[in-house]
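Encoded as structure tokens, the structure appears first; notes follow it.
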Amino acid sequence: MDGTEVFSVAGLKRGSDYDGDRSLNSQAINFLNSQHQQSYQRVVDFDLHAVFLMQEFRAEDTIQQIITMISTTFTKEYPPKNTLQQQLVNAAKLVNQRIQNYEQQPHMQKPFCLRFPTYSDVLKHCMELQDKCEVLPNDKMVILIDEGGVCVGVGLPPKPQSTQSIHAPRDRRATDRLDQFVNDNVLQSVEALMIQSGEMSNQFPTSQFPLSTKNKGEIRARPEAKKSTCSFQAYGFGLGSPLSAGAADKKIKLATHSIKKIDLQGHGDHWKSDPKPNLPEPLRSDPGPTMRGLVELRHDMVFYHRISYWINKVFLPDASSIAESAVKYLEKKASTAVKESIQVEKNIIIADRTITVNTHPNTHRDRNNALLMDSVFFFGNHIGGHFLLPGLGVAYPGLHGYSFHGPFRILFHGVSQFHFTEDITDPRRYSVAMWSRASSFSEIARFSAHDNGNEKFSDDKYWLPLYPEYNPKITSDLLKAEVKIAKKEAKKESKKRQKTKN
């Protein structure tokens, strides 16, 4: 039995009654540390920064044209005015350096961005790969690294449950709560649409709703999937909400061969007369059983929330630190509703959730997400359902307890056909996505600048950086440091309990 596990599940009716959150946090850190030590690292043929640039410009613009437009627009005399502009400038510098390295050493492999120089080329390439994605190992952490050395994904297998634990298993608590969504008719499981089979029809896992020249990966799900999906944002802006006007950093407007500088957000000083920005609020419009279920799920998935939190902390230490300080600023400055919502969150960095049951999404990207590590966890009694990453040419297992973490704003991702054996009476395949919207952080930066005298458009203290190069030693050192902290806290807690007993 884990020495930090002290809570008996007898009489446990609500997730909020459970007082073993410290233990679950410790388990998450220790699990990530042990998995990282034996991880499988795979270099994939991709350039995350280059594709990010292409997605923010026109599909026919070449990478060289994009770099030129950025470098001639943003200078020392005219620096970026918001997060997105700064991210584009930094990405252009990094990609341009890779191109220059190749030009100086032409014997090197031609960079991804020169082999697929436009977004149209990248999309076509992804479509060619999506029916032949190689399945990655299922018994250890998988770390995917692009040609620039950037971590573009982390796959994680289930944590084995201790046979001597007095706790309800982590996955059972999560699954029981998700089942309640179906029982309360919050989610409709559409069993009639599921294939009852134990056989996989193809050599490679494939999606029922792949990338196409029509959808271009911009549409997450079909309209009929709405009944089997629900979402919650601890803080954010609803799409189309009046409060969201101007919250997101605006997409760059373009002339034929240049950026329309006059239309750039933060250009000039006319913005100084704009109304005071609105801070994000909890989105709690769903009534009754939906809201109750989402609140309970927050408590019943603590282990998984902490996994997502710590992956951001150790793989993106700078970005997660900035995001965390932004959320703490939000907690201080925003409404009581926001403060209360943040205080009960187990992952304040990635605090938004989308839950689906028996749903095959379109292969897509989440274009409104922040540049952090999003997460998706899978639960259920299904077979198949691999997590597809066509741009990388790989797929990760999507069975019960598996998870994948990565930059879903940039990466196309989908799900292969999943099945149920004929003896399953309640076929369920759940997906729990954890994500964070970019507009939440951009509006915090805008509000802070306004609050500090409105002298600049956006406070660069809260600008999220680009995805960095993966440094295994830094990640390992951060994990080991957190393991030590968790052990010290466990000892303090143990002594405290002993004093209480005596």
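The values are calculated or read from the model by the stated rules, or taken from the named source; none is laboratory data. Quantities reported herein were computed from a predicted structural model and do not represent experimental measurements. Every residue, glycine among them, receives a Cβ derived from its backbone with ideal geometry; neighbour counts consider all protein chains shown.
Structural remarks
- Any hit, the range 81-96, residues being among the hydrophobic types (A, V, I, L, M, F, W, C), over 21 Å from residue 56 (Cβ atoms), touching a residue at least 60 places away in the same chain (Cβ under 8 Å) and surrounded by 17 or more Cβ atoms within 10 Å (Cβ to Cβ): no
- Residue 155 touching a Phe, Trp or Tyr at 6+ places or on another chain (Cβ under 6 Å), among the small types (Gly, Ala, Ser) and surrounded by 15 or more Cβ atoms within 10 Å (Cβ to Cβ): yes
- Of the residues making up the range 19-50, those that are of a type in the set (Phe, Trp, Tyr) and not in a strand (DSSP E or B) are 31, 46.
- Extreme residue, nearest to the chain's Cα centre (by Cα), among residues of the range 349-408 that are surrounded by 23 or more Cβ atoms within 10 Å (Cβ to Cβ), small (Gly, Ala, Ser) and closer than 21 Å to residue 123 by Cα: 406
- Looking across the range 18-67, the residues that are of a type in the set (S, T, N, Q) and touching a strand residue (DSSP E or B) at 6+ places or on another chain (Cβ under 9 Å) come down to 35, 39, 41.
- Against the list (1) surrounded by fewer than 21 Cβ atoms within 10 Å (Cβ to Cβ); (2) at pLDDT below 95; (3) assigned to a helix (DSSP H, G or I); (4) out of contact with any Phe, Trp or Tyr (no Cβ under 7 Å at 6 or more places or on another chain), the condition residue 106 fails is (3).
- Restricting the range 289-325 to residues that are more than 17 Å from the chain's Cα centre (by Cα) and aliphatic (A, V, I, L, M) leaves a set whose member that is nearest to residue 23 (Cα to Cα) is 297.
- Positions within the range 443-484 being in contact with a Leu (Cβ under 9 Å, 6 or more places away or on another chain) and of a type in the set (Asp, Glu), in sequence order: 443, 482
Residues are listed down the side, and each one gets a yes or a no for (1) touching a residue at least 40 places away in the same chain (Cβ under 8 Å); (2) in a helix (DSSP H, G or I); (3) surrounded by 15 or more Cβ atoms within 10 Å (Cβ to Cβ); (4) not small (Gly, Ala, Ser):
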residue: 247; (1), (2), (3), (4): yes, no, yes, no
residue: 271; (1), (2), (3), (4): yes, yes, yes, yes
residue: 293; (1), (2), (3), (4): yes, yes, yes, no
residue: 304; (1), (2), (3), (4): yes, yes, yes, yes
residue: 314; (1), (2), (3), (4): yes, yes, yes, yes
residue: 320; (1), (2), (3), (4): yes, yes, yes, no
residue: 323; (1), (2), (3), (4): yes, yes, yes, no
residue: 338; (1), (2), (3), (4): yes, yes, yes, yes
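- Taking each residue of the range 107-134 that is over 14 Å from residue 394 (Cβ atoms) and without any contact (Cβ under 8 Å) to a residue 24 or more places away in the chain and looking for partners that are among the aromatic types (Phe, Trp, Tyr) and not in a loop (DSSP other than H, G, I, E, B) with beta-carbon atoms closer than 6 Å, six or more apart or interchain, yields 108/102.
- Identification of strands (runs of 3 or more DSSP E) wholly contained in the range 390-502 with 2 or more residues that are more than 17 Å from residue 144 (Cβ to Cβ) and not hydroxyl-bearing (Ser, Thr, Tyr) yields 418-420, 429-435.
- Taken over the range 273-291, the criterion of being surrounded by 17 or more Cβ atoms within 10 Å (Cβ to Cβ) and in a helix (DSSP H, G or I) is satisfied by 290 alone.
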